[in-house]
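Novice: Have a look at the structure that comes next, please.
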Amino acid sequence: MAGQTETVLNAILSGIDRGELNPGDPIDENALIAKYEVSRTPLREALLRLEAMGLILRQPRKGAVLFKPTLEEFLAILEVHARLEGQAAGLAARRISAPAGAQLMQIVDACDTHARDKGDGDPDGYYALNLEFHKQVGEASGNPFLLDMIKMNARKLLAYYRARYAYPDAIAQSAEEHRQIAALILSHKADEAEALMVRHVQFDRVTVMDLLAKLG
């Protein structure tokens with residue numbers, strides 16, 4: 001039973017991470033039961049856990065839907081998420097190892113190459129590189145509990161970050177900021193790395209309103 005619950009839970013989380021599930025999308029319980037050959041009890045247990053994470057909402061007589069933030073909810077989540085990402089960058093600046101630093105620069109170079117060669121094209125491809133950059137910074141912080149908190153909050157906003165890269169020049173700006181953040185981390189400038197990461201992750205209110213409208 002526990003294994004079935006984990007199977008469904010991970011399937012939904014992977015769907016969020018890959019952009020197959022977006023804010024407001026319904027969770028098709030019957031389709032999940034059929035696809036993963038699980039019973040309804042572990043499915044419901046998985047949905048309860050996702051609800052506790054704040055990733056889905058269960059509505060009476062309507063079933064479960066993926067969490068879709070209001071403007072104020074978006075801004076509140078973003079405020080917390082930016083601080084968590086900033087803390088990870090600050091810790092990484094104090095703790096990053098030489099091999100981890102080399103890996104970080106490889107992904108920074110990949111972001112630069114994508115921005116140079118593809119411009120505003122292939123935003124989904126760049127978004128995958130962006131996720132890897134933030135994952136490496138989080139891992140370099142040396143704090144797995146912080147990394148888990150970042151992942152949980154990020155999943156509430158992933159669709160909006162992905163949509164942001166469809167805007168003109170957003171990819172080039174992001175790639176440049178990645179290089180600046182990495183340079184501060186590798187120079188062990190913790191306070192500056194934290195502050196720049198917070199600014200990098202934040203959106204202004206107008207951009208948030210645009211993204212909410214874009215995704216309906």
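The values are calculated or read from the model by the stated rules, or taken from the named source; none is laboratory data. If you're wondering where the values come from, they're calculated on a predicted model, not measured in any experiment. Keep in mind that these areas ignore ligands, DNA and RNA; they rest on the heavy atoms of the full protein, side chains included. Shrake-Rupley method; radii C 1.70, N 1.55, O 1.52, S 1.80 Å.
Novice: Arrange the residues Leu43, Leu57 by how much accessible surface each exposes, largest first, with a 1.4 angstrom probe.
Specialist: Working: Leu43 0, Leu57 80 Å².
Most to least solvent-accessible, the answer reads Leu57, Leu43.
Novice: Once the Cα gyration tensor of the range 101-174 is found, what semi-axes does its equivalent ellipsoid get, as square roots of 5 times the eigenvalues, in whole Å, sorted largest first?
Specialist: Details: eigenvalues 102, 54, 9 Å².
Each semi-axis is √(5λ); the values are 23, 16, 7 Å.
Novice: Convex hull over the alpha-carbon atoms of the range 164-216: what's its volume per residue in Å³? Show your work: numbers first, answer last.
Specialist: Numbers: hull volume 3.6 nm³, N = 53.
Taking only Cα atoms, the range 164-216 has a hull volume of 68 Å³ per residue.
Novice: Right, another one. Select from Arg61, Arg40, Arg164 the residue whose mean-square fluctuation is largest in a Gaussian network model of the chain (Cα-Cα springs shorter than 10 Å).
Specialist: Arg61
Novice: Considering the values (i) 22.2, 78; (ii) 18.3, 55; (iii) 17.9, 59, which represents Rg and Dmax of the Cα atoms in Å as calculated for the structure under consideration?
Specialist: Computing Rg and Dmax of the Cα atoms in Å and matching it to (i) 22.2, 78; (ii) 18.3, 55; (iii) 17.9, 59 gives (ii).
Novice: Give the accessible area for Asp191 in Å² (nearest 10); use a 1.4 Å probe, count only protein heavy atoms, and leave out ligands, DNA and RNA.
Specialist: Counting only protein heavy atoms, Asp191 exposes about 120 Å² to solvent.
Novice: Rg/Rh for the range 92-216: what does it come to with C-alpha atoms and Rh from Kirkwood?
Specialist: Numbers: Rg = 14.4 Å, Rh = 15.0 Å.
That ratio is 0.96, to two decimals.
Novice: Calculated from DSSP H runs of 4 or more alone, at -39500 (n - 2.57) each and per residue, what is the 222 nm mean residue ellipticity of the chain, nearest 500? Could you put the intermediate results ahead of the total?
Specialist: On the way: 11 runs with 158 residues, N = 216.
The helix-only estimate for the chain comes to -23500 deg cm²/dmol at 222 nm.
Novice: Related question: Accessible area of Thr7, 1.4 Å probe, to the nearest 10 Å²?
Specialist: Here the residue's solvent-accessible area equals roughly 60 Å².
Novice: Related question: Cut-off 10 angstrom, C-alpha nodes, Gaussian network model of the chain. Which of Lys118, Lys68, Lys151 fluctuates the most?
Specialist: Of the options given, Lys118 has the highest mean-square fluctuation.
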